[in-house]
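Note sheet for the following structure.
Just so you know, all these numbers are worked out from the coordinates, no wet-lab data involved. Quick caveat, the model's predicted, so the values are computed rather than measured. Here the Cβ positions follow ideal geometry from the backbone for every residue, glycine too, while neighbour counts run over all protein chains shown.
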Amino acid sequence: MAAIAVTMVGLDQLLHAFVPPNFASLDTGHLAIDLFGAAATVTLALFAHRFWPMCIAVLHLVPLLAHTSRIIDVALHPAAYLAMQVATSWPVPAILILATWRHQRRLARGDNEPSWQISSRRSIPTTAGK
């Protein structure tokens with residue numbers, strides 16, 4: 001997930017280096033970035049053995065609704081278009097931090113978690129004092 005987030009931020013910075021933000025019409029640059037983010041996070045959520053990737057996948061699908069709304073109704077206010085694109089990205093870092101914290105707590109308790117990948121081994125709990 002971190003790689004997806006870093007890629008999206010990098011693409012956004014690259015986009016803004018060449019194209020100024022414009023929310024008065026369809027923003028095709030952000031549409032492409034949002035399509036990548038949605039596809040990547042939905043794919044991750046489908047293969048993950050965790051709940052939080054599903055939450056983040058949904059948050060990445062909402063901006064696609066903003067772009068669809070802009071395509072259907074060009075009279076959509078630019079501020080509403082901007083808010084629909086940006087606001088759903090705000091909770092993502094908090095969800096990642098919470099998920100990482102909970103993962104570390106489970107490992108500290110010695111819980112055995114299923115791997116995200118079929119080819120990976122299950123996490124092996126470590127116990128203090130060994």
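Some points to look at:
- Sole residue being farther than 21 Å from LEU96 by Cα, of a type in the set (A, V, I, L, M, F, W, C) and in contact (Cβ under 8 Å) with a residue 12 or more places away in the chain, chosen from LEU35, LEU76, LEU59, LEU65: LEU65
- Test: residue in the stretch 28-43 that is surrounded by 15 or more Cβ atoms within 10 Å (Cβ to Cβ), within 16 Å of PRO93 (Cβ to Cβ) and out of contact with any strand residue (DSSP E or B) (no Cβ under 8 Å at 6 or more places or on another chain): yes
- Just one residue in the set ALA87, ALA2, ALA66, ALA94 is exposed (fewer than 14 other Cβ atoms within 10 Å of the Cβ), aliphatic (A, V, I, L, M) and over 30 Å from ASN112 (Cα atoms); that residue is ALA87.
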